[in-house]
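Okay, so here's the structure we're looking at.
The values are calculated or read from the model by the stated rules, or taken from the named source; none is laboratory data. Just so it is clear, the model here is predicted, and its values are computed rather than measured. For neighbour counting, all protein chains shown are included, and Cβ atoms are generated from backbone atoms with ideal geometry for every residue, glycine included.
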Amino acid sequence: MSNSSEGQTYIQRYKVQGYPHLAIIDPRTGSLLWRKEGWTQVNPLTAEQFIEISTDFSSNHSFDKMPMAARNAYSSAIPMGASNDSDSKKRPIHELTEEEQLQAAIRASMAESAEGGDDDEVEVIDGSTTEDDKKPSAVDDSAKAKEEEVEEEEEPGPSAFEQEILTMEVGDEPTAGDVARVQIKMPDGKRLVRKFAGDSPVKLIYAFVAQSNDDAKGGKAFELKAKFPPVDLFANIHDGIKSCGLNGEAINVIWK
């Protein structure tokens, strides 16, 4: 509640300007990553818009990655339940709480990532060179040529599945009967709205995407993800579009 002590702390910390108010906060650092507030009946935030926004956000953020410093005014906010940085820096590590130790570790990790390059130092034992050292080695040239040949041979072509969806008959959009409507967001940001028969397999959506993009036509592999949190649709390629709950869903195309 906004009139509670916790609510007032939140309002001051994240500079809430209006209501209704929605926000996504990194639980590890307390950084405000996204917010939306002050929408009205004239300019509403619809359920479809929120699903699209949250799906896009989840596609670009993951707990598998180290937290990044926020790129806006909210990066200075102190995480919920954490002590002030200056206080924690003045005290020995063994006197800090577990939460303060975690925040200190995160700050140190981000600082090391920002500095970079320190782990790549090379120890030079002898900097002197001879004329023989300057001459190209026939053995080196031969090894390099073999490496280039291996790289050319190992370049993968389209998989059997990719070849299948490129040649699969997509057909026209159905105009009557059991119809499922989906919105597809391509990697370049372009959005396509397409209708399919409700009992058509999810594989048909893969075929439509593969045949609607030049890179995919060239055999570039991609994934389809939908819902929140995002779910990879490949496991359901033989299931019906409607039975998978994809009617009205926003589907993201992601290059592998």
### Task
Tell me which residues, restricted to the stretch 26-56, are part of a strand (DSSP E or B) and touching a Lys or Arg at 6+ places or on another chain (Cβ under 9 Å).
LEU32
### Candidate set from the stretch 17-59 (those that are within 23 Å of PRO230 (Cα to Cα) and loosely packed, with under 10 Cβ neighbours inside 10 Å); member that is modelled with the lowest pLDDT
ALA47
### Query
Of the residues in the stretch 226-239, how many are surrounded by 18 or more Cβ atoms within 10 Å (Cβ to Cβ) and assigned to a strand (DSSP E or B)?
1
### Query
How many residues does the stretch 25-50 hold that are β-branched (Val, Ile, Thr) and touching a Ser or Thr at 6+ places or on another chain (Cβ under 8 Å)?
1
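Between LEU224, LEU204, which is modelled with pLDDT of 95 or more, among the aliphatic types (A, V, I, L, M) and within 24 Å of SER54 (Cα to Cα)? Give the derivation first.
Numbers: LEU204 fails: within 24 Å of SER54 (Cα to Cα).
Answer to the selection: LEU224.
Can you pull out the residues in the stretch 1-25 that are within 30 Å of the chain's Cα centre (by Cα) and assigned to a loop (DSSP other than H, G, I, E, B)?
From the stretch 1-25, those within 30 Å of the chain's Cα centre (by Cα) are 10-25; that's our starting set.
If the condition is that a residue be within 30 Å of the chain's Cα centre (by Cα) and assigned to a loop (DSSP other than H, G, I, E, B), then LYS15, VAL16, GLN17, GLY18, TYR19, PRO20 are the ones that fit.
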### Task
Answer yes or no as to whether ASP214 is of a type in the set (Asp, Glu) and touching a residue at least 24 places away in the same chain (Cβ under 8 Å).
no
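To keep it simple, each residue is scored yes or no on (1) surrounded by fewer than 14 Cβ atoms within 10 Å (Cβ to Cβ); (2) in a loop (DSSP other than H, G, I, E, B); (3) of a type in the set (Asp, Glu); (4) over 20 Å from the mean Cα position of the chain (by Cα).
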position: PRO187; (1), (2), (3), (4): no, yes, no, no
position: LYS195; (1), (2), (3), (4): no, no, no, yes
position: ALA207; (1), (2), (3), (4): no, no, no, yes
position: LYS220; (1), (2), (3), (4): no, yes, no, no
position: GLU223; (1), (2), (3), (4): no, no, yes, no
position: VAL253; (1), (2), (3), (4): no, no, no, no
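Do we find that TYR10 is at pLDDT 85 or above, of a type in the set (Ser, Thr, Tyr) and surrounded by 13 or more Cβ atoms within 10 Å (Cβ to Cβ) in this structure? Quick ask: steps written out before the conclusion?
Numbers: at pLDDT 85 or above: yes; of a type in the set (Ser, Thr, Tyr): yes; surrounded by 13 or more Cβ atoms within 10 Å (Cβ to Cβ): yes.
Here the answer is yes, as TYR10 does meet what is asked.
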